[in-house]
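*Asks:* Would you mind keeping the following structure in view while I ask a few things?
All of the numbers you see were taken from the coordinates with simple rules; none came from a lab. Fair warning: this is a prediction, and the values are worked out from it, not measured in the lab. Cβ placement follows ideal geometry from the backbone for every residue including glycine, while neighbour counts extend to all protein chains displayed.
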Amino acid sequence: MNKPNLPQQTNQNNGVDFLVGDVIVSICNAINPVLFEVRELAHVTYPEFIKCRPIPNGDYFCWLAINEIRTATPSELQANRRLSEAELALVEVS
């Protein structure tokens with residue numbers, strides 16, 4: 001069985017793998033495919049969420065579930081958005 005690449009894995013460590021300032025994407029299709037910047041690590045009351053702000057429109061903050069985010073890939077940073085699974089696969093083979 002193939003293991004997913006590191007950027008495609010979800011964080012299982014309650015935010016330990018993310019630092020303030022990291023650029024992340026939501027893997028939830030219901031969320032806009034924009035990049036987010038981590039602004040605050042897990043909240044004391046809700047440790048399963050991280051406070052983020054969308055990039056480049058950082059006029060507001062949002063809370064994203066830790067198990068529904070991953071670190072943005074270099075290709076996503078260049079595209080300035082979350083890439084689809086098909087786009088990520090194309091990047092890997094090229």
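*Asks:* Return the pair list, or none, for Cβ contacts closer than 6 Å from residues in region 24-50 that are polar (S, T, N, Q) to residues that are part of a strand (DSSP E or B), at least 6 apart or on different chains.
*Replies:* So the pair list comes out as Ser26/Leu64; Ser26/Ile69.
*Asks:* Still on this structure, please answer the following. Condition check: among the aliphatic types (A, V, I, L, M), at negative phi and within 11 Å of the chain's Cα centre (by Cα). Does Val34 satisfy that?
*Replies:* For Val34, the condition - among the aliphatic types (A, V, I, L, M), at negative phi and within 11 Å of the chain's Cα centre (by Cα) - is met.
*Asks:* Tally up the residues in region 44-61 that are of a type in the set (A, V, I, L, M, F, W, C) and either touching a Pro at 6+ places or on another chain (Cβ under 7 Å) or surrounded by 15 or more Cβ atoms within 10 Å (Cβ to Cβ) (or both), please.
*Replies:* 4
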